[in-house]
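These notes concern the structure reproduced below.
Read-outs: derived from the displayed coordinates by stated rules, not from any lab. Because the structure is predicted, anything quoted here is derived from the model rather than measured. Backbone-built Cβ (ideal geometry, glycine too); neighbour counts: all protein chains shown.
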Amino acid sequence: MSIAEKFEVIADAVYEKGKEDTGVDFWKGFTNNGSRTNYYQAFMYTDFSGKTIPEGLCKPKNRLTNMFMSYKGTCLPSGIDCSNFNISSSETYHATAMFQYADRLIEIYDLGIPTQKSYANTFSGCESLRTIEVIRSNVDTKWNNTFLDCLSLSNLVVEGNIGQNGFDVSKCPLTHDSLMSILNATAVITTAKTLTLGSANLAKLSDAEKAIATERGWTLA
Amino acid sequence: MTETTIQLKKLTASEGMILTNGEAYGKEIYLGCNDSSDNWHEITEAEYNKRKEV
């Protein structure tokens, strides 16, 4: 075995050991004993599927941007609590691209993320994603490429209101319940705005159901 | 007994065409109560694909 090959074996062993070493001490270090607030790119390229972060340690407050960008796991680690995220902080990016290109991720449980100013690219490129347990928004929340290439997304619950252009789920094979959640979240608007559901999703809705949104001022595409 | 009248204004694109208002796209469009067909026009699927690639 050459020296290079020996190094490779050692590197693999260290990598495997590191992957296994996700006990309390690991998470205490990762979260700076629970005082870490900025999670920008914190889980990028990692895979913590099936792992549990001890309660109270992972509490992002300042930055969710790119937090799980290009994450390689099928599931998120449990124990993340974003409910204390400071939405009035000077951080303007919020959950932008939070899960972008996490192309193996299947489900996003309710992390407690409060209403965001923008969900730009938050889930774009999540081709395997089937379920977003809940997404919170208000009439000002911006939607730009939020669900772009979410080709498997079937379950989605919107809590709050949709009030801005750009909400596009035309590539997502949503369930009827998910579509109703979206329609019921539309705010009453006075200037024409568009909700893009796509032909396949529109075909799952009755005329009366479509009228929930059109009578509130929304054009359905 | 209740009687309900549901009114929907539907635009359907011609064969090989896509409807757009400049921001959104679709083969079929259900107009909102504040929208007008004047705000929508047809483009070819090739033009649509070109715009989506940008």
Problem - Per-residue average of Cβ from other chains inside 10 Å of A:194-200 - result: 4
Completion exercise
Expected sort for B:24-31, A:109-116 on mean C-beta neighbours within 10 Å, highest first, is B:24-31, A:109-116
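Using Cα-Cα distances under 8 Å and only pairs 6 or more residues apart, what relative contact order does region A:90-168 have, in percent?
Normalised by residue count, the contact order of region A:90-168 is 30 percent.
Averaged across the residues of B:31-40, what count of C-beta atoms belonging to other chains lies within 10 Å of each residue's C-beta?
Going residue by residue through B:31-40 and averaging, the value is 6.
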Handout entry: Mean separation of Cα contacts under 8 Å, 6 or more apart, over the residue count of chain B: relative contact order %
Key = 35 percent
Practice task
Output the relative contact order of chain A, whole-number percent, from Cα pairs under 8 angstrom with separation of 6+ residues.
Solution key: 11 percent
Practice task
Could you work out how far the C-alpha centroid of chain B sits from that of region A:56-117, in angstrom?
Solution key: 34 Å
Problem - Nearby aspartates and glutamates by direct alpha-carbon distance to A:K51 (threshold 12 angstrom, same-chain neighbours under 8 apart not counted) - result: A:E20, A:D21
Completion exercise
Counting every C-alpha pair in chain B, the percent lying more than 12 Å apart is 67 percent
Exercise for the section: Using the number of other C-beta atoms within 10 angstrom as an exposure proxy, rank A:M69, B:M1, A:M98 with the fewest first. Expected result: B:M1, A:M69, A:M98
Fill in the blank from the handout: Given the candidates A:S88, A:L57, A:S128, the one whose Cα lies deepest towards the positive end of the charge dipole of chain A, counting +1 at each Lys or Arg C-beta and -1 at each Asp or Glu C-beta, is A:S88
Practice task
Can you tell me the 0 to 90 degree angle between the C-alpha axis of helix A:3-20 and the longest principal axis of chain A, rounded to 10?
Solution key: 60 degrees
Completion exercise
Listed by chain and number, the residues whose amide H is under 5 Å from that of A:S70, excluding neighbours fewer than 5 places away on the same chain and using placed H, are A:Q100, A:Y101, A:A102
Exercise for the section: Sticking with the crude label model, points 7 Å out along Cα→Cβ, report the distance from A:A208 to B:R51 in nm, one decimal please. Expected result: 3.5 nm
Completion exercise
By the C-alpha gyration tensor axes a ≥ b ≥ c (rounded if a/c is under 1.5, else prolate when a/b exceeds b/c, else oblate), the shape of the protein assembly as shown is prolate
Handout entry: 10 Å Cβ neighbours from other chains, averaged over peptide A:208-217
Key = 4
